[in-house]
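Here is the structure we will look at.
The values are calculated or read from the model by the stated rules, or taken from the named source; none is laboratory data. These numbers were taken from a predicted model, which means no experiment stands behind them. All Cβ positions, even for glycine, are placed from backbone atoms using ideal geometry, and neighbour counts span all protein chains on display.
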Amino acid sequence: MKKITFPKEEKAAIVGRIQQYFSDELDQTIGTLPAEFLLDFFTTEIGPNFYNQGLRDAHAALLTKMEDFGEAIYLLERDAKK
């Protein structure tokens, strides 16, 4: 599987949210480097679970749309004269 990566700006924003979470919820400060390490840990260890669930959700949505599409085609059929 391809490694999950984020663009530099997005990673910085996520790190900022981690730091804000520690400050707001845990009354602790966490530096940029530890926050980046925590993000890397979650990305490699837990990220694939979220990614796979997203794929399953997308697959289910696609199947639903395909069923709707098949039904729409069926409704377009005409009676053949014999």
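Pick out the one residue from Phe50, Phe37, Phe22 that is at pLDDT below 95 and part of a helix (DSSP H, G or I). First the steps, then the outcome.
Details: Phe37 fails: at pLDDT below 95; Phe22 fails: at pLDDT below 95.
Step by step, each of Phe50, Phe37, Phe22 is checked, and only Phe50 is at pLDDT below 95 and part of a helix (DSSP H, G or I).
What residue, among those in region 53-80 that are among the small types (Gly, Ala, Ser) and assigned to a helix (DSSP H, G or I), is farthest from Lys11 (Cα to Cα)?
So, considering only residues that are among the small types (Gly, Ala, Ser) and assigned to a helix (DSSP H, G or I), the one farthest from Lys11 (Cα to Cα) is Ala72.
Can you name the residue in region 18-35 that is surrounded by 12 or more Cβ atoms within 10 Å (Cβ to Cβ) and of a type outside the set (Val, Ile, Thr) and is also farthest from Tyr51 (Cα to Cα) among such residues?
Checked region 18-35; the qualifying residue farthest from Tyr51 (Cα to Cα) is Ser23.
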